[in-house]
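Okay, here's the structure, questions in a sec.
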Amino acid sequence: THAADLAGHHVVVSAGGTREPLDPVRFLGNRSSGKQGYALARTAAARGASVTLIAANTTGLPDPAGVEVVPVGTAVQLREAVIKAAAHADAVVMAAAVADFRPAAYATGKIKKKDGEDPEPITLVRNPDILAEISGDRPRPGQVIVGFAAETDDVLANGRTKLRRKGCDLLVVNEVGERKTFGSEENEAVVLGADGSETPVPYGPKEALADTVWDLVAQRLA
Ligand code: C5P
């Protein structure tokens with residue numbers, strides 16, 4: 001158990017995965033369930049923090065007790081909600097899987113297939129990188145910013161590069177695998193610090209990883 005070491009602190013957590021609409025019935029999405037972000041929100045609240053959870057398409061997960069939940073759909077909506085909430089936050093943890101790209105155009109009517117015609121290609125445009133943006137230009141001075149990265153190979157080397165590129169204080173690096181990460185109840189990760197620290201978190205419940213993240217955040221807030 002942890003003391004109420006986050007009492008008096010406001011934290012923002014993003015969770016889930018963005019959906020980028022093509023037309024009223026279709027979207028580009030990803031496999032993020034939102035479970036790691038919800039575990040972060042629950043554990044922060046249990047440790048006394050006031051928590052805003054920006055939830056991208058996490059229907060099916062119960063709202064954590066005592067947590068303010070802001071539902072969003074797209075990366076652009078998630079960016080707005082995060083930046084607004086981050087203005088009064090001591091820490092921001094970006095656990096959401098944010099789409100790097102969105103369709104350049106939205107069709108207001110359902111896209112139809114036409115007999116004998118090839119489908120139209122989908123043109124993508126870049127989404128804003130919210131983590132890089134708030135890390136470079138902190139909505140509130142001195143706040144601690146945490147990112148997540150799912151990697152399939154060279155996990156640590158790629159994680160270090162990503163930590164520097166994003167400019168955040170901590171980066172939780174997951175190896176994407178069969179039983180791990182997406183949709184599962186367990187996770188295994190290494191938390192890299194901008195100060196060069198490396199904290200391995202063994203395979204276990206997403207709450208345990210969440211508590212390690214808050215330990216590292218609490219150290220940096222102290
Ligand atoms: O670059 P990559 O998508 O691997 O980075 C993952 C981290 O960056 C996550 O913390 C995610 O929430 C954040 N991210 C973001 N905006 C994006 C893409 C990712 O904030 N457009």
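Sort V93, V72 so that the residue with the fewest other Cβ atoms within 10 Å of its own Cβ comes first and the one with the most comes last.
Lowest count first: V72, V93.
What's the FRET efficiency of E185 with K110 using the Cβ-Cβ distance as r and R₀ = 45 Å, to the nearest 0.05? Don't skip to the answer; put the middle values down first.
Values: r = 37 Å, r/R0 = 0.81.
After rounding to 0.05, the efficiency reads 0.80.
How many percent of DSSP beta bridges within region 72-191 run antiparallel, rounded to 5?
40
Given the pairs K35/K84; K35/K162; K35/K166; K84/K166; K84/K162; K112/K166, which span a C-alpha to C-alpha distance of over 31 angstrom in this model?
K112/K166
Out of all DSSP beta bridges in the chain, what portion is antiparallel? Express it as a percent rounded to 5.
40
Please give me the summed charge of the neighbours of A97: other residues whose Cβ is under 11 Å from its Cβ, Lys and Arg +1, Asp and Glu -1.
On the way: positive: R19, R31; negative: D100.
Around A97, the charge tally is +1.
Another question, then. Report, in debye and to the nearest 20, how large the dipole of the chain comes out about its Cα centre when Lys and Arg carry +1 and Asp and Glu carry -1 on their Cβ.
Charge dipole of the chain: 500 debye, to the nearest 20.
Here's something else I'd like to know. Just want the answer: with Cβ charges of +1 for Lys and Arg and -1 for Asp and Glu, which residue in G136, W214, G109 is farthest toward the dipole's positive end in the chain?
Value: G109.
Counting only C-alpha contacts under 8 Å and six or more residues apart, can you give the relative contact order of the chain as a whole percent? Mind showing how you got there, number by number?
On the way: 473 pairs, mean separation 44.0, N = 222.
Computed over the chain, the figure is 20 percent.
Out of the DSSP beta bridges found with both residues in region 5-67, what percent are antiparallel (nearest 5)?
Rounded to the nearest five, the antiparallel share is 30 percent.
Which value results when the Cα radius of gyration for region 42-132 is divided by 2.2 N^0.38 Å? Write out the running numbers ahead of the final one.
On the way: Rg = 17.7 Å, N = 91, 2.2 N^0.38 = 12.2 Å.
Normalised Cα radius of gyration, region 42-132: 1.45.
For L163, L124, which order do you get if you count the other beta carbons within 10 Å of each Cβ and list the fewest first?
L124, L163
Using the alpha-carbon atoms, what tilt in degrees (0 to 90, nearest 10) does helix 75-86 show relative to the longest principal axis of the chain?
With rounding to tens, the tilt is 30 degrees.
If the chain between A132 and L28 were fully stretched, how many nm would it gain, using 0.36 nm times the residue separation less the Cα-Cα distance?
Working: separation 104, 0.36 × 104 = 37.44 nm, distance 2.22 nm.
Full-extension gain reported as 35.2 nm.
Same structure again: Compute the helix-to-body angle for 155-166: its Cα long axis versus the longest principal axis of the chain, expressed 0 to 90° and rounded to tens.
The two axes meet at around 90 degrees.
Also, I was wondering about something else. What does the convex hull of the Cα atoms of the chain come to per residue, in Å³, rounded to a whole number?
It is 137 Å³ per residue.
How many angstrom lie between the C-alpha centres of region 1-59 and region 81-121?
Taking the Cα centre of region 81-121 as reference, the centre of region 1-59 is 18 Å away.
Bear in mind these aren't lab numbers, they're just calculated from the coordinates by the rules spelled out. What you see is a predicted model, and the numbers here were worked out from it, not measured in a lab. As a convention, Cβ positions derive from the backbone with ideal geometry for all residues, glycine included, and neighbour counts pool all protein chains shown.
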